[in-house]
Amino acid sequence: MSRSQRDKSSLAAAGGIFSGLCPDEWFQSAWEVPYEELYRQGFRLILFDIDNTLVHHGAPADDRAVQLVRRLRGMGFAVCVLSNNGEARVKPFAEAVDALCVFKAGKPSVRGYQRACRMAGYDASQTVCVGDQLFTDIWGARRAGIHCILVNPISPREEIQIILKRRLEWVVLFVFRAGLRRGGRTDIPPVGFQEEGRAVPTGSITRGPDRGGNPGEDRRAQ
């Protein structure tokens, strides 16, 4: 059994009744994701949530976000920001980082993900979603058949409805962690916010691609 198969099996088993919310990979931040490896695997479109994934909640695009998108575009990725926020929030951010955008995406509905894929000209098997919320970013991506990467939220400063959802998310994530520990895994990211300063092992947690077909070809969707 390959490492990716072992990772996939262990995370899926750890998820238990919450396996439908289980991310394919889990990192401390969007800057720790191994994008070069994703490109080698054949992925060509990166979908990013904005708030608490790339910047603090409600903050404009900063230099760090701009440089990340620039690096990804230089590698050959198409980049799209996918947000449930309105046009006034999402479009200026996308323009600042030079990315495509879908606002009022309605996550976890699959419609926003599908629209982003159509805009970029790639299909779901070539797409990766990076976000900080299980019940929107990750659940929606899984429903759309898109490789999904969970990152810890940047800051606890959020809207009240998100704060309440975080409590439920933490229950699910603690179930994941407990299951992984029972399986002998030690490379387990912490549950919490990036600003708490907790370190995450370099390898983080991965399930590996589990979508149908081989995404290895740089092909555009017809």
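Readers should treat all values here as calculations from the given coordinates under stated rules, not as data from a laboratory. From a predicted model like this one, the values you see are computed outputs, not experimental measurements. Every residue, glycine among them, receives a Cβ derived from its backbone with ideal geometry; neighbour counts consider all protein chains shown.
Hey, any hits in segment 46-61 for a residue that's over 14 Å from the mean Cα position of the chain (by Cα), more than 21 Å from His147 (Cβ to Cβ) and of a type in the set (D, E, K, R)? Within segment 46-61, none of the residues are over 14 Å from the mean Cα position of the chain (by Cα), more than 21 Å from His147 (Cβ to Cβ) and of a type in the set (D, E, K, R). Restricting attention to segment 26-55, the residues being in a loop (DSSP other than H, G, I, E, B) and either closer than 14 Å to Gln133 by Cα or touching a helix residue (DSSP H, G or I) at 6+ places or on another chain (Cβ under 8 Å) (or both) number 12.
Mind listing whichever residues of segment 60-78 are buried (at least 16 other Cβ atoms within 10 Å of the Cβ) and among the aliphatic types (A, V, I, L, M)? Spell out the reasoning first.
At the first step, the residues of segment 60-78 found to be buried (at least 16 other Cβ atoms within 10 Å of the Cβ) are 61, 65, 68-69, 72, 77-78.
Answer for segment 60-78, where residues must be buried (at least 16 other Cβ atoms within 10 Å of the Cβ) and among the aliphatic types (A, V, I, L, M): Ala61, Ala65, Leu68, Val69, Leu72, Ala78.
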